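Engineer: Before we start, here is the structure in question, set down as structure tokens.
The values are calculated or read from the model by the stated rules, or taken from the named source; none is laboratory data. Only a predicted model underlies this, so the values are computations on that prediction, with no experimental measurement involved. All Cβ positions, glycine included, derive from the backbone under ideal geometry; neighbour counts span all protein chains shown.
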Amino acid sequence: MKLREIAHSRTGDKGNISNISLIAWRTEDYEKLVKQVTAEKVKAWFGDIVHGDVIRYELPELGALNFVMHKALGGGVTRSLALDMHGKGLSSALLDMSI
């Protein structure tokens with residue numbers, strides 16, 4: 001199944017760091033996210049985009065995970081030549097991941 005079937009997502013940025021929240025639609029799906037969506041899998045999913053560490057934070061009270069991806073925006077908003085220099089589309093890309 002695709003993540004979008006059980007979760008929604010938002011993306012933020014600061015400099016060359018992108019963070020992506022992954023929020024379960026239903027509380028009973030949160031544990032599935034915790035078990036199957038690791039920092040390593042997220043880094044591998046974004047392949048050539050993320051050049052630094054990916055750190056996962058768990059927010060069980062919200063049924064959410066937050067992934068902080070370092071060196072993920074081509075140098076940051078003012079330096080990147082990317083079409084989506086803020087990385088706002090990364091949340092949609094994550095939701096396309098199969099688990």
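Engineer: Please tell me if Gly87 is in contact with a Ser or Thr (Cβ under 6 Å, 6 or more places away or on another chain), modelled with pLDDT under 95 and surrounded by 16 or more Cβ atoms within 10 Å (Cβ to Cβ).
Structural biologist: Yes; evaluated as a whole, the condition is true for this residue.
Engineer: From the set of residues in segment 1-55 that are part of a loop (DSSP other than H, G, I, E, B) and of a type in the set (S, T, N, Q), which is farthest from Ala93 (Cα to Cα)?
Structural biologist: Ranking the qualifying residues of segment 1-55, first place goes to Asn16.
Engineer: Shifting gears a bit: Considering only residues that are surrounded by fewer than 16 Cβ atoms within 10 Å (Cβ to Cβ) and either under 11 Å from the mean Cα position of the chain (by Cα) or aliphatic (A, V, I, L, M) (or both), which ones fall in segment 1-11?
Structural biologist: Hits for segment 1-11 are Met1, His8, Arg10.
Engineer: Select from segment 41-54 the residues that are at pLDDT 90 or above, under 13 Å from the mean Cα position of the chain (by Cα) and surrounded by fewer than 16 Cβ atoms within 10 Å (Cβ to Cβ) and list them in ascending order.
Structural biologist: Lys41, Ala44, Asp53
Engineer: Now for a separate question. Can you find even one residue in segment 55-63 that is of a type in the set (Gly, Ala, Ser), at pLDDT 95 or above and farther than 16 Å from Gly12 by Cβ?
Structural biologist: The answer is yes; a qualifying residue exists.
Engineer: Surrounded by fewer than 16 Cβ atoms within 10 Å (Cβ to Cβ) and modelled with pLDDT under 95: which single residue out of Arg79, Arg26 fits that description?
Structural biologist: Exactly one of Arg79, Arg26 is surrounded by fewer than 16 Cβ atoms within 10 Å (Cβ to Cβ) and modelled with pLDDT under 95, namely Arg79.
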